[in-house]
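Taking it in order: structure first as C-alpha cells, then the write-up.
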Amino acid sequence: MNVPVLVPDQRAADFADGVYSRVVRSMAALAVLAAPLVWIRLGQIATLAFVGGSAIALLNFYWLKRTIQDLIDRTVSSGRKPTSFGVLLRFLFRYVLIAIGLYVIFKGSATSAYGLIGGLSLPVGAVIMEAVYQTFRALRHGL
C-alpha cells in the first residue's frame, strides 16, 4: 500500500481544511435547523433577519479564512511582513457589513434584531460543535 508521506506543514494544512469544512457545514446545518424555530417563536420578519444574519456570518467566516490565507501566502512568498493597511481594511469591511445589517434591522423592528444576532452567532455554535467532535475524537484515539 502506497501511503503518501506528509510533511508536518501539509498535515497541519489538511487538519485545518477539515476543521474549516466541518465548521462551515455545522453553521449551515444550524441555520437550516434553527430557521423554523425562529419562525415559530418570533415570526416571519425575525426569520428573514435570522437568515440574513446567517448569510453574513457564513460570508464573514469565509472572508476571515481568505484574509488569513492571503496574509500567510504573502508573508511566505515574499519573506516579509505584508502592509497593515490592506489587512486592516479587509478586517474592518466585514464589521461595516455587520453594522449595516444591524442598522437596517433596527430601523425595521426591534424583534428582528434577535433574529439577526442569532444568525450572526452561528460560528459560536459551530465552533462548540467542532470542540465536542475533537474531544470525542481524541478520547476515542486515546490522546
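The values are calculated or read from the model by the stated rules, or taken from the named source; none is laboratory data. A quick note: this is a predicted structure, and the numbers were derived from the prediction, not measured. When we count neighbours, we look across all protein chains shown, and the Cβ atoms used for this are built from the backbone with ideal geometry, even at glycine.
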A careful count of residues in the range 92-113 that are part of a helix (DSSP H, G or I) and more than 29 Å from VAL19 (Cβ to Cβ) gives 11
For GLY43, the lone unmet condition from (1) under 30 Å from THR135 (Cβ atoms); (2) modelled with pLDDT of 80 or more; (3) surrounded by fewer than 16 Cβ atoms within 10 Å (Cβ to Cβ); (4) not β-branched (Val, Ile, Thr) is (1)
For ARG94, state whether it is basic (Lys, Arg), loosely packed, with under 12 Cβ neighbours inside 10 Å and free of Cβ contacts under 8 Å to residues at least 40 places away in the same chain.
no
The residue from ALA34, ALA126 that alone is in contact (Cβ under 8 Å) with a residue 40 or more places away in the chain, among the hydrophobic types (A, V, I, L, M, F, W, C), within 20 Å of PHE15 (Cβ to Cβ) and in contact with a helix residue (DSSP H, G or I) (Cβ under 9 Å, 6 or more places away or on another chain) is ALA126
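Look at VAL24 and say whether it is surrounded by 14 or more Cβ atoms within 10 Å (Cβ to Cβ) and modelled with pLDDT of 90 or more.
So VAL24 fits the description; yes.
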* Looking at LEU88, is it assigned to a helix (DSSP H, G or I) and within 30 Å of ARG137 (Cα to Cα)? -> no
Residue within the range 62-73 that is of a type in the set (Val, Ile, Thr), at pLDDT below 85, more than 19 Å from TYR20 (Cβ to Cβ) and part of a helix (DSSP H, G or I) present
no
*asked:* Scan the range 11-21 and tell me whether some residue there is at pLDDT 80 or above and hydroxyl-bearing (Ser, Thr, Tyr).
replied: yes
